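Since the structure comes first, as structure tokens, the remarks are kept for the end.
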Amino acid sequence: MFPSYAANQEGSEARSAYLWTMILNTPFWAIYNMLPFILYRDLGATAWQITLMITLKPVVSIFSVYWSDYVNKRRDRLISNVALGCILGHLPFFFFPWFENVWWFIGSFAIYMLLYRGVIPAWMEILKLNTTGNLRQKIVAYAITSSYVGSAIFPVFFGWMMDDHYQSWRWIFFITSAISLMAVLLQLKIPIKIDPIQEASKPSTPLLRPWKNVWDLMKLRPDYRIFQLGFMLGGFGIMILQPALPHFFMDVLNLNYKELGMAMTMCKGIGFALTSGLWANWMSRVNIYKFSALVVLLFSLFPLGLLSAQYSIFFLYFTYLGYGVMQAGSQLAWKLSGPIFAEQEDSSLYSSVNVMTVGMRGCVANPLGGLICALGGPIPVLIIGFGLCLSAYSYFSFSNRKIAAKEAISQFTVS
């Protein structure tokens with residue numbers, strides 16, 4: 001089932017565990033991303049609750065850094081970090097068939113995202129210890145592609161079930177959570193070589209230490225700071241759209257669950273699957289700034305496509321096909337930038353910065369998007385998101401040219 005580079009090599013246990021974790025979590029991830037729309041339609045969640053829910057999705061990443069700081073320069077904690085995060089993240093969803101309170105669903109939604117992002121630095125360090133750079137890019141691309149292909153199929157099936165069987169989504173969450181937890185058995189079998197000198201006793205994590213570590217890294221690495229600023233601007237542009245999407249889809253486009261599933265997951269999954277390999281190959285040939293510039297340029301096309309969907313539903317499908325293309329590049333840049341910039345260092349701190357910045361922009365972007373949507377409707381939010389993403393493209397393009405010029409001058413001086 002897996003490509004040849006996932007097996008029969010040193011570190012194959014880690015790579016197979018990562019692939020299976022992504023694959024087994026695919027049905028859950030598909031229904032998880034539909035939860036805000038489910039609560040809006042089936043449980044009558046208010047606009048404020050939906051905005052809060054969507055805001056919490058990135059904001060909880062601020063607290064994810066405490067989970068990921070647990071493994072900073074501690075290889076002996078990598079496996080327990082990912083396994084325990086998987087268990088605790090899915091546990092609240094087993095109670096969905098019996099709970100009616102909207103706040104339980106919102107809390108479960110937030111806790112899962114906190115731990116889902118919290119284990120990313122540990123996973124990236126595990127892969128870094130077991131793969132080379134080019135192979136790591138292919139593994140991550142293959143894993144995410146497998147997940148997206150599944151996510152393109154399951155929501156269509158789930159949409160038909162939820163349209164035909166009232167409240168069936170409760171048991172879908174229960175069953176898919178159980179499937180996801182099967183990956184823990186493979187995670188616990190990953191061998192990690194521990195250097196007893198490097199992993200010597202580490203003091204307990206103080207409240208401010210993750211923030212201090214990030215601050216010190218940003219001061220020490222201006223090249224990584226440039227990447228983070230550009231990705232912050234582009235991510236802000238995409239994130240400000242999120243509170244407006246349920247209103248735009250349900251009240252402006254009047255979509256049903258089938259149409260929503262076709263667009264958000266099936267079309268997006270197809271676009272992702274068709275291009276993830278191309279992104280991975282291109283990533284090995286260009287620098288991270290040029291790579292990210294194209295990603296955020298595709299970001300900017302997304303809100304324009306949504307506006308066009310008012311005239312035909314086919315524009316919505318085509319837009320999400322393009323969104324999948326963008327996501328394929330975005331996921332690689334977001335997950336692999338840590339190992340790329342870390343080189344021979346421990347990459348968990350670099351990856352933790354990616355997680356933390358998601359929470360930081362979510363504290364502002366989502367509430368701002370919700371406020372603008374409440375005052376002027378979803379369309380002004382889409383226009384603002386377009387402008388922010390286009391600004392991120394300009395910043396990355398300028399930074400890439402500036403860095404290329406410095407490298408050329410340096411090489412000329414040396415010669």
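The values are calculated or read from the model by the stated rules, or taken from the named source; none is laboratory data. Please read all numbers here as calculations on a predicted model, not as lab measurements. As a convention, Cβ positions derive from the backbone with ideal geometry for all residues, glycine included, and neighbour counts pool all protein chains shown.
Observations on the structure shown:
- Look at segment 146-169: where a residue is more than 25 Å from residue 272 (Cα to Cα) and a partner is of a type outside the set (Phe, Trp, Tyr) and in a helix (DSSP H, G or I), sitting 6+ places away or on another chain with Cβ atoms under 6 Å, you get 168/161; 168/162; 169/38; 169/162.
- Test for residue 369: is it under 20 Å from the mean Cα position of the chain (by Cα) and surrounded by 24 or more Cβ atoms within 10 Å (Cβ to Cβ): yes
- Residue check for residue 392: at pLDDT below 90, part of a helix (DSSP H, G or I) and surrounded by 14 or more Cβ atoms within 10 Å (Cβ to Cβ): no
- Meets criteria (part of a helix (DSSP H, G or I) and surrounded by fewer than 18 Cβ atoms within 10 Å (Cβ to Cβ)) for residue 314: yes
- Within segment 259-282, the set of residues being surrounded by 23 or more Cβ atoms within 10 Å (Cβ to Cβ) and more than 22 Å from residue 30 (Cα to Cα) comprises 279, 280.
- Check on residue 312, over 23 Å from residue 141 (Cα atoms) and either in contact with a Gly (Cβ under 7 Å, 6 or more places away or on another chain) or of a type in the set (Ser, Thr, Tyr) (or both): yes
- Flag if residue 18 is in a helix (DSSP H, G or I), under 26 Å from residue 141 (Cα atoms) and among the hydroxyl-bearing types (Ser, Thr, Tyr): yes
- Filter pass, residue 356 being within 15 Å of residue 55 (Cβ to Cβ), of a type outside the set (D, E, K, R) and either in contact (Cβ under 8 Å) with a residue 60 or more places away in the chain or in a loop (DSSP other than H, G, I, E, B) (or both): no
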